[in-house]
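Asks: Below is one structure. I have some questions about it.
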Amino acid sequence: EEALNDYLFCMEKVYTLADYITINISSPNTPGLRDLQHGDNLKKLLSGIKEKQEKLRQQYQKYTPIALKIAPDMDFEQLQNIAQLLLEYEIDGVIATNTTIDKSLISNHPLAAETGGLSGRPLVNASTEVIRQLRSLLGPESVIIGVGGISSAQDAKDKLEAGANLLQIYSAFIYQGPSLIHNIVSELNAL
């Protein structure tokens, strides 16, 4: 019930230091957080965040963009609602996506029943599809940051072709190290 105040407090602390601020409403590891992705909860959150962003812009004479990080586990109607609100409140970007709660791709794994989000390879197709749908809903001008299961140049290319403007890499970076970035960029240039 204090989510908006928590986000606003954090915005104040990092506003002048950040290149952009991520509003994460999609971590399955935080109980109740994903409830903020829907209906009036999301409207209230985005309205308050946009208002605070404008106040901080005036106060510091600096514009720090806001990106909303969403889950991959939404249907098209839910994505439509989010896209509409992103446009209505002129949110600077969307990060698609966070981890998934869908464990069907690893159902035979001994740890499949563990709670929390699943990242890495099992997420790649779902996140790419969310990017594709968001691009069709948001049009060409909106910024989409693609994330989720990128571990190769082909994964990166797929996300870019689906409509991502920028990419983030987490899990594969941990396992493959900094050379992953060089390899992806080199291979993308060769494609």
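Asks: Using each residue's phi in the stretch 165-174, evaluate 6.51 cos²θ - 1.76 cosθ + 1.60 at θ = phi - 60° and report the 3J(HN,Hα) Karplus result to the nearest Hz, with x for Gly and Pro.
Replies: Each residue's phi maps through the Karplus curve to give 8, 9, 10, 10, 10, 10, 4, 5, 4, 5 Hz.
Asks: I've got another one for you. Under 5 Å between amide hydrogens, which residues at least 5 positions from Val143 or on another chain qualify, with H placed 1.01 Å from N in the peptide plane?
Replies: So Val143 has HN proximity to Val94.
Asks: Using amide H atoms built 1.01 Å from N in the peptide plane, name the residues 5+ places from Leu167, or on other chains, whose amide H lies under 5 Å from its own.
Replies: Gly146
Asks: Assuming R0 = 25 Å, can you tell me the calculated FRET efficiency for the pair Gln80 and Lys13, based on Cβ-Cβ distance, to the nearest 0.05?
Replies: The computed FRET efficiency comes out at 0.15.
Asks: Per DSSP helix of 4 or more residues, -39500 (n - 2.57); summed, then divided by the residues of the chain. What does that give at 222 nm, rounded to the nearest 500?
Replies: Result for the chain, helices only: -15000 deg cm²/dmol.
Asks: Rounded to the nearest 0.05, what FRET efficiency do Ser104 and Asn41 have when you use their Cβ-Cβ distance and R0 = 41 Å?
Replies: Approximately 0.90, to the nearest 0.05.
Asks: While we're looking at this one, here's another question. Rank these by accessible area, largest first, 1.4 Å probe: Asp102, Asp73, Asp155.
Replies: Correct descending sequence by accessible area is Asp102, Asp73, Asp155.
Asks: Normalise the Debye intensity by I(0) for the chain, one equal point scatterer per Cα, no solvent, then take log10 at q = 0.07, 0.08, 0.19 Å⁻¹ and round to two decimals.
Replies: -0.21, -0.27, -1.35
Asks: For helix 3-14, report the angle its Cα long axis makes with the longest principal axis of the Cα atoms of the chain; keep it between 0 and 90° and round to the nearest 10°.
Replies: Compared with the principal axis, the helix lies near 90 degrees.
The values are calculated or read from the model by the stated rules, or taken from the named source; none is laboratory data. Remember, predicted model here, so these are calculated numbers, not experimental data. Cβ: placed from backbone, ideal geometry, glycine included. Neighbour counts: every protein chain shown. Ligands, DNA and RNA are excluded from the accessible area calculation, which covers all protein heavy atoms including side chains. Shrake-Rupley method; radii C 1.70, N 1.55, O 1.52, S 1.80 Å.
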